[in-house]
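Here's the structure we're looking at; comments come further down.
The values are calculated or read from the model by the stated rules, or taken from the named source; none is laboratory data. All values reported here derive from a predicted model rather than from experimental measurement. FYI the Cβ positions are ideal-geometry reconstructions off the backbone, even for glycines, and counts take in every protein chain you see. SASA here: full protein model, heavy atoms, side chains in, ligands and nucleic acids out. Shrake-Rupley method; radii C 1.70, N 1.55, O 1.52, S 1.80 Å.
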Amino acid sequence: MAQFQLNAIMTSVMNILFLGTGTSVGVPQIGCTCPVCLSTDEKNKRLRSSILVEIDGLQILIDASPDLRQQALRTGMKNVDAVLFTHSHVDHVGGFDDLRAFCWHREGGLPMYASEETMAALQNIYAWAFYPPVQHSGYVRPEPHVFTKSFKIGAVLVTPLPVQHGWVDVHGFMLGYGGKRIIYMPDVKTISAEVIEKMRGVDLLIIDGLRYSEHPTHLNVTEALEVIHQISPNRAILTHLSHEIDYQTLSAELPFGVEPAYDNLRISI
């Protein structure tokens, strides 16, 4: 299977590529003349949030943002073996049709994993791909999988983590392999004590840190730091960042072990 190059040491277990790290409108924001939107710092230019994880030769995409085509072209993505969807908001599923590029050279469908609610929304929005199942090689060929508990993709254990994104039920994902665990949770406001307990001590936590000020459906920076303190991961990265966030300013303010994400950030665990 094709693998993206992360310049990682050969013994690394999980390689993570941040395809996009912005909020639903991206940064710069249309029509905005704030300092961050006008910044020349590439780390302040954010496409909609998504990551690609390489584990055991598998390329696992989490969310298909509206910027997927651009993200794939600029990072050299050539293969996706499975897609995990956190929820059905447009900034997380709007690149669905661009998944066709990862179906052209496959036999069979592209495995897609989502909750029952999110899968139903995908089947409604993109009904042409699901009903009847698309057979033509030029189109998206989804192989839908509705999860209700942990499941495996190859040797990777995927644990869905139900959380609240305001009034919307969404899922973060914990991926486990080789004794290492990473969590991706880009849209979250409230996390139950039960889910916090499952997350404790993970190797890497990637979590929503939208902005400094309060937001009704997202963690702000202060709230994200409180969650990180409870979980105590080895490393934490804030993502889904708005134009309130200047990368250099926030980097200087965060405690040791916590950092802001930026597009094309590549790390290995």
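Distances between placed amide hydrogens fall under 5 Å for residue 14 paired with 269, all partners being 5 or more residues away or on another chain. Of the peptides 176-185, 144-153, the order by per-residue mean of other Cβ atoms within 10 Å, starting with the highest, comes out as 176-185, 144-153.
Would you work out if the chain is rounded, prolate or oblate? Take a ≥ b ≥ c from the square roots of the eigenvalues of the alpha-carbon gyration tensor; rounded if a/c is under 1.5, else prolate when a/b is larger than b/c, oblate otherwise. Present the calculation step by step, with values, prior to reporting the outcome.
Working: a/c = 1.42, a/b = 1.30, b/c = 1.09.
Judged from the Cα gyration tensor, the chain comes out rounded (a/c under 1.5).
Express the accessible area of the chain per residue in Å², computed with a 1.4 Å probe while the remaining protein chains stay in the model.
That works out to 44 Å² for each residue.
When each of the peptides 198-209, 236-247 is scored by how many other beta carbons lie within 10 Å of its residues on average, the order from highest to lowest is 236-247, 198-209. Per-residue ellipticity at 222 nm, computed for the chain from helices alone with -39500 (n - 2.57) per DSSP H run of at least four residues, works out to -5000 deg cm²/dmol. Using the Cβ-Cβ distance between residue 196 and residue 32 with R0 = 41 Å, the FRET efficiency computed as 1/(1 + (r/R0)^6) comes to roughly 0.70. Packing around the peptides 18-27, 51-60, 67-76, taken as the average count of other Cβ atoms within 10 Å per residue, puts them in this order, highest first: 18-27, 51-60, 67-76. Computed in the context of the full set of protein chains, the accessible area of the stretch 1-128 at 1.4 Å probe radius has 52% of its extent on carbon or sulfur.
Among 157, 119, 216, flag the residue with its Cα farthest along the positive direction of the charge dipole of the stretch 109-242, charges on Cβ as +1 for Lys/Arg and -1 for Asp/Glu. Most positive-ward Cα: 157.
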